[in-house]
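Enquirer: Right, I'll just put the structure down here and ask away after.
The values are calculated or read from the model by the stated rules, or taken from the named source; none is laboratory data. Predicted model only: the values in this text are computed from it and were never measured. Because the Cβ atoms are built from the backbone with ideal geometry, glycine has one as well, and the counts that use them run over all protein chains shown. Heavy atoms of the whole protein, side chains included, go into the accessibility calculation; ligands, DNA and RNA do not. Shrake-Rupley method; radii C 1.70, N 1.55, O 1.52, S 1.80 Å.
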Amino acid sequence: MYTGEGSIDDYVYTLVDYDNLDLEAGTWQVFDSVSGSGEVRQGSGNVRTLVTGTYETLEVDSNAFEVNFKRELELPVLPNVQFGYRYSEDSQSSDRLRHSPTGIDLNGILVNSARIDPAYASQGDFFGVTINGFAGAGAGAGAGSGWYALDVDAINSAAVATLGTVNPDPVRGEIPVVVPSSGLIARGGQQSAGLVYDVDLNTSAAYLMADLDFNVANLPVQGNVGVRYVNSEQDASAPFYAFGATDINNPEDRHVKNSYDYFLPSLNLAMDVTEDVRLRVAYSEMMSRPKVRAATPSTSVTTRTGEAIVVLPGADVDPFTAQAYDISLEWYNREGSAVTFALFRKDIDNFFTLVGSCDQDLLAGYGLNMGSLSMVGDSCITGGADSFDAIDPNYIAAGNEVNISQVQNIDSRIKVQGYELSIQQNLNCLPYPWNGFGGIINYSKTSEDAPLNAQISGISDDTYNVIGYDEQGQFGIGLSTNCRSDYELESVGTFNGEGNKNVKAAGRVDMSAFYNITKNFGESLKGYNLKKTLYEEYQDVEFQPRSTHYDGRTVVLQGKYNFF
């Protein structure tokens with residue numbers, strides 16, 4: 001495989017001798033007891049298949065009560081005051097099971113005749129003919145191309161029909177569980193299930209806000225000042241599969257409780273410096289909670305050759321808070337036109353992110369014993385003697401690497417600041433046919449001062465938008481382009497390790513036009529992503545791509561008629 005080193009045009013992936021794969025050359029394994037593996041081998045050879053897929057349910061319930069009041073005061077500075085209260089109850093329940101081949105017999109089912117062309121075999125080349133098609137359409141089951149697909153529904157139905165007696169895991173004693181969506185047996189090793197939890201969040205919030213109207217040096221000032229109070233109580237629970245416990249079928253339900261309250265003031269003022277120049281200033285404080293599925297109460301322990309991966313509960317993290325400062329100067333040079341320049345800054349405290357650790361006392365606080373831990377170079381290594389030794393001494397061996405992570409609040413302050421310039425001009429002051437032209441140019445520059453382990457996702461250093469349009473009575477057309485520099489994605493690790501994922505810098509062009517044929521009937525034409533821009537993700541460096549999305553060009557023709 002060759003990634004193209006940043007250019008999708010040069011991407012190459014070649015399969016060698018895959019056409020000679022024989023699915024009937026040996027006997028497929030049959031497992032009669034619960035296993036954490038999804039792999040099935042064909043005899044003693046290297047041919048294997050993976051039964052995978054995840055069954056997840058997420059139930060969300062939200063109820064709220066809200067009341068608001070407004071009182072006219074008729075005072076010189078405070079024309080009115082508003083206040084209100086809101087109470088909400090939110091709950092989230094998540095369950096997760098992973099498929100396994102346990103109990104099914106693939107012999108006579110996973111055979112050569114089960115191979116079919118990939119579903120996309122007849123759809124031609126990829127990425128707008130940038131990448132040649134490889135499915136082998138019309139060649140018969142991908143012959144000559146090395147690519148095949150399977151009729152998963154048919155194979156799954158036949159495999160479920162062979163399901164025999166499944167015994168508990170011989171080491172952990174874990175009993176079999178059927179996955180509702182497929183009828184297959186779920187994989188064992190619920191220590192690694194992760195997203196199995198229940199969360200209840202009750203929030204009370206009240207606010208008080210007053211409008212302002214006064215003069216400073218004979219210049220009119222309007223705005224508002226207020227404060228918001230938020231109090232939240234959270235109760236999160238998840239099954240705790242005690243590491244090394246013999247009774248994995250009856251886990252303890254552990255609760256992680258957290259409560260917090262905040263007073264959040266705000267001030268917004270606008271001064272008319274002249275008839276066409278306005279100065280705005282604003283200050284506000286805010287808070288933001290983590291997403292429940294990113295900071296669950298679950299404890300997850302996963303092992304693979306030479307390594308144990310531990311994810312500790314993150315449901316007890318507090319929201320991060322931010323102080324926002326904004327100032328802008330606006331010049332309304334003609335009707336429908338404006339030139340604005342704004343400065344902004346946010347000071348973010350108590351930010352939460354995934355933090356690595358090699359602290360055995362931290363593990364002990366959650367009932368885990370991975371043996372004596374020490375840092376060897378950049379790796380956390382166990383000296384052995386863990387709590388699983390009594391059941392399986394080889395599950396984690398001395399010298400294995402232990403990767404421990406947890407969503408935690410950090411002490412460092414993060415500063416995000418920048419400026420924005422926007423120019424919007426309506427050229428109706430010009431003679432026909434130029435009086436229908438206009439445009440908007442917007443550019444923003446953002447910088448971030450933060451520790452490497454606490455970068456805020458989704459922020460581009462440079463972003464700009466350009467819009468041009470012409471509207472003449474019944475007809476109008478506009479073109480827009482928007483571009484942004486590369487930015488980091490919100491992620492907690494990848495299959496290749498814990499490097500951050502980023503989105504490559506890109507821009508796109510859109511178009512919109514309309515024609516009102518009569519007073520009641522009109523047509524519109526819209527075009528999206530006219531240049532067929534790709535969305536590309538990479539890990540750490542552009543030479544290590546992770547995914548590329550091709551959306552192509554979309555054209556929409558619409559007609560509209562008003563009956564009244």
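Enquirer: Find all pairs meeting these conditions: Cβ atoms under 8 angstrom apart; at least six residues apart or on different chains; first residue within the stretch 540-564 and at positive phi; second residue in a strand (DSSP E or B).
Expert: Asp540/Asn502
Enquirer: Kindly indicate the residue of the stretch 508-564 that is within 18 Å of Ser480 (Cα to Cα), of a type in the set (Ser, Thr, Tyr) and over 27 Å from the mean Cα position of the chain (by Cα) and also most open to solvent (accessible area, probe 1.4 Å) among those meeting that condition.
Expert: Taking the candidates together, the pick is Ser512.
Enquirer: Can I ask one more? Kindly list the number of the only condition in (1) within 27 Å of the chain's Cα centre (by Cα); (2) at pLDDT 90 or above that fails for Ser33.
Expert: Just one mismatch for Ser33, condition (1).
Enquirer: Could you say whether any residue in the stretch 466-479 is of a type in the set (S, T, N, Q) and surrounded by 16 or more Cβ atoms within 10 Å (Cβ to Cβ)?
Expert: no
Enquirer: Given the conditions (1) crowded, with 16+ Cβ neighbours inside 10 Å; (2) over 23 Å from Lys531 (Cα atoms); (3) free of Cβ contacts under 8 Å to residues at least 60 places away in the same chain; (4) in contact with a helix residue (DSSP H, G or I) (Cβ under 6 Å, 6 or more places away or on another chain), which single one is not true for Ile410?
Expert: (3)
Enquirer: Here is a list of conditions, (1) over 30 Å from Pro290 (Cα atoms); (2) in a loop (DSSP other than H, G, I, E, B); (3) in contact (Cβ under 8 Å) with a residue 60 or more places away in the chain, and Ala242 meets all of them except one; can you say which number that is?
Expert: So Ala242 meets the others, but not (1).
Enquirer: I need the strands (runs of 3 or more DSSP E) fully contained in the stretch 12-121, keeping only those with at least 3 residues that are of a type outside the set (Ser, Thr, Tyr).
Expert: Details: elements: 39-41, 48-50, 54-72, 80-98.
Once the strands (runs of 3 or more DSSP E) in the stretch 12-121 are filtered for at least 3 residues that are of a type outside the set (Ser, Thr, Tyr), what remains is 39-41, 54-72, 80-98.
Enquirer: Which one is least open to solvent (accessible area, probe 1.4 Å) among residues in the stretch 413-425 that are over 15 Å from Glu330 (Cβ atoms) and in a strand (DSSP E or B)?
Expert: Ile414
Enquirer: Being hydrophobic (A, V, I, L, M, F, W, C), open to solvent by 50 Å² or more (accessible area, probe 1.4 Å) and assigned to a strand (DSSP E or B) is the filter here, so list the residues in the stretch 270-293 that pass it.
Expert: Leu279, Val281, Met286
Enquirer: Please find, among Thr321, Thr353, Thr296, the residue that is within 28 Å of Ala450 (Cα to Cα), among the polar types (S, T, N, Q) and not in a strand (DSSP E or B).
Expert: Of the residues listed, the single one that is within 28 Å of Ala450 (Cα to Cα), among the polar types (S, T, N, Q) and not in a strand (DSSP E or B) is Thr296.
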